[in-house]
Amino acid sequence: SPPPPLPQQQQHYAHTGGGMAGGAYSRAGVLKHEKKARHCVLDGQRFSIYKGRGDTKPQLVLLLRTDVQRVWPSNQTTFSLILDPNRPGAKQPKKPGPQPPEKLEFTAETPHELNLWVETLQSAIAAARRG
């Protein structure tokens, strides 16, 4: 009998929506960040924020494996990326002791859109940490 499929492959087929380019999680679209519409792109293990769709230079790039701890949906249309305090280039805390996590907040146009972003980002972060 053939060997059982690897769990990764099962996951690969189970994941729909958002599209997977070459086994990487990808998604692009407009999210509001700091009250301004931004073109956001998730490409495998990188999440980039552009000022506008035609821009070639991102305002911010986060590497999911090292920079982001988790995705936190805060309501029907808003989610936060909780940043890793140990990431390269993190702001140094002004005072010692436990710090509130640094987070970036994004607002999607619809709850459906929010769900797609959150699911794709969660899967991508999990895959980045495994890899």
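The values are calculated or read from the model by the stated rules, or taken from the named source; none is laboratory data. What you see is a predicted model; the values in this text were computed from it and never measured. Cβ atoms come from the backbone with ideal geometry, glycine included; neighbour counts cover every protein chain shown. Only protein heavy atoms, including side chains, enter the accessible area calculation; ligands, DNA and RNA are left aside. Shrake-Rupley method; radii C 1.70, N 1.55, O 1.52, S 1.80 Å.
Quick look at the numbers
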{"read-out": "Whole-number D in µm²/s for the range 64-117 (Stokes-Einstein; Kirkwood sum over Cα pairs; 4 °C, 1.567 mPa s)", "value": "105 µm²/s"}
{"read-out": "Lysine pair count for the range 40-131 [Cα-Cα under 28 Å; pairs on different chains or 8 or more apart]", "value": "7"}
{"read-out": "Cβ crowding within 10 Å averaged over residues, with 30-37, 72-79, 93-100 ranked highest first", "value": "72-79, 30-37, 93-100"}
{"read-out": "In order through the range 100-117: 3J(HN,Hα) via Karplus (6.51 cos²θ - 1.76 cosθ + 1.60), integer Hz, x for Gly, Pro", "value": "x, x, 6, 9, 10, 9, 10, 10, 9, 6, 9, x, 4, 4, 4, 4, 4, 4"}
{"read-out": "Heavy atoms of D43: accessible area, 1.4 Å probe, square angstrom to 10", "value": "80 Å²"}
{"read-out": "Under-5 Å amide H pairs with L83, H placed in peptide plane, nonlocal only", "value": "Q69, E102, K103, L104"}
{"read-out": "Residues of the range 48-72 with amide N under 18 Å of a point placed 7 Å along Cα→Cβ from R87", "value": "48-51, 58-72"}
{"read-out": "Gyration tensor (Cα) of the range 15-131, equivalent ellipsoid semi-axes in angstrom", "value": "22, 17, 15"}
{"read-out": "Whole-Å distance, taken between Cα centres, linking the range 97-129 and the range 54-92", "value": "8 Å"}
